[in-house]
1. Checking Leu47 against (1) over 14 Å from Glu91 (Cβ atoms); (2) within 13 Å of the chain's Cα centre (by Cα); (3) part of a helix (DSSP H, G or I), which test does it fail?
2. Would you say Leu62 is hydrophobic (A, V, I, L, M, F, W, C), under 15 Å from Val112 (Cα atoms), modelled with pLDDT of 90 or more and touching a Gly at 6+ places or on another chain (Cβ under 9 Å)?
3. For the stretch 30-39, give me each residue that is without any contact (Cβ under 8 Å) to a residue 24 or more places away in the chain and either surrounded by 16 or more Cβ atoms within 10 Å (Cβ to Cβ) or in a helix (DSSP H, G or I) (or both).
4. With the stretch 55-165 as the region, which helices (runs of 4 or more DSSP H) entirely inside it contain at least 3 residues that are among the basic types (Lys, Arg) and open to solvent by 70 Å² or more (accessible area, probe 1.4 Å)?
Amino acid sequence: MASTKILEQKKKVVEEIVGKLKKSESVVIFQYQGMTVEEISALRKELKTVNAEVKVYKNTLLKKAADELNINLDAFLEGPNAILFGESLLEPIKIVSEFAKKNDKLDIRVGVISGNVADVSVIKEYASIPSREGLLTMLAGGMMQYIRDLAIGLNLYAEQKEGNE
């Protein structure tokens, strides 16, 4: 029989996971088996720049925390898993997806985006969205096209008026 001290520790860990799940915009569960300590450290360091962190919890404790929030992750909680908690939505997903492309030992299993379970295809879609700066550049480029077309049109109109006089 488990002692009350151990049960209290487990209860605190479950509360910690619940808090992190509630606070995080993006959560990604991935398998890391076969990765070196240096590779995991590099991933953690890169994620830290965007206020995200990677934690490893027992699957049973993660399942209890997910059940408290009515999130069904049962099919994905087998084997050694790591959990990425990100305060922002896109940047952590982009980083872990890029890292998975470079390292075949990192296998993204499932995500929780804004409280909803997202499969790997949804995570890949989010990873393909350009960054905020990229989107602003695309917007500015699109707006510049209209201004360029207006300038050409005004110039042609001015030349036409000069030719008629």
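1. Condition (1) is where Leu47 drops out.
2. The answer is no for Leu62.
3. Val37, Glu38
4. The helices (runs of 4 or more DSSP H) meeting that bar are 132-164.
The values are calculated or read from the model by the stated rules, or taken from the named source; none is laboratory data. All values derive from a computational prediction rather than experimental measurement. No Cβ is skipped: glycine too gets one built from the backbone with ideal geometry, and neighbour counts run over all protein chains shown. Note: accessible area is taken over every heavy atom of the protein model, side chains too, but ligands, DNA and RNA are not part of it. Shrake-Rupley method; radii C 1.70, N 1.55, O 1.52, S 1.80 Å.
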